[in-house]
Amino acid sequence: EASGKGAVEKNPLYDQVRDSKLLAKQERQQKYARAPKGYQPVHAIEEGERREAGKIITKNRGLVPHRSKEKKNPRVKHRIKYEKSKTKQRTSYYGRQERLDRGAYGG
């Protein structure tokens, strides 16, 4: 008797659906398969031939100091520089102006 937990009726429709899903999954995996990661030489180096220098060596930058985000963008850098000079100018103006209540020392 097929009544209970352990008893499962074999239905060919379930097998067919499972197989079609499996086949579709395999096709997707083949379609979106990626190339293996890691070092892949561009071309084989023959005997007596030297390989080309890498990007870091050809750039020859040496030790470059770390720069903030604002310093990398010239427009922003000069805008900040201008704001800084404006505040300096403002404070120097208030320091230099003549005060009317100041006269000779009165005592």
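For Lys88, go through the lysines and keep the ones whose alpha-carbon is under 29 Å away, minus same-chain ones fewer than eight residues off.
Lys69, Lys71, Lys72, Lys77
At a 1.4 Å probe radius, which order do Lys77, Lys21 fall into by accessible area, largest first? The partial results should precede the final answer.
On the way: Lys77 90, Lys21 140 Å².
In descending accessible area the options line up as Lys21, Lys77.
Along the three principal axes, how long is region 38-97 when you take its alpha carbons, biggest first, rounded to the nearest angstrom?
80, 20, 16
The values are calculated or read from the model by the stated rules, or taken from the named source; none is laboratory data. Since the structure is predicted, the reported quantities are computational estimates derived from the model, not experimental observations. Protein only, heavy atoms only, side chains kept; ligands, DNA and RNA dropped before computing areas. Shrake-Rupley method; radii C 1.70, N 1.55, O 1.52, S 1.80 Å.
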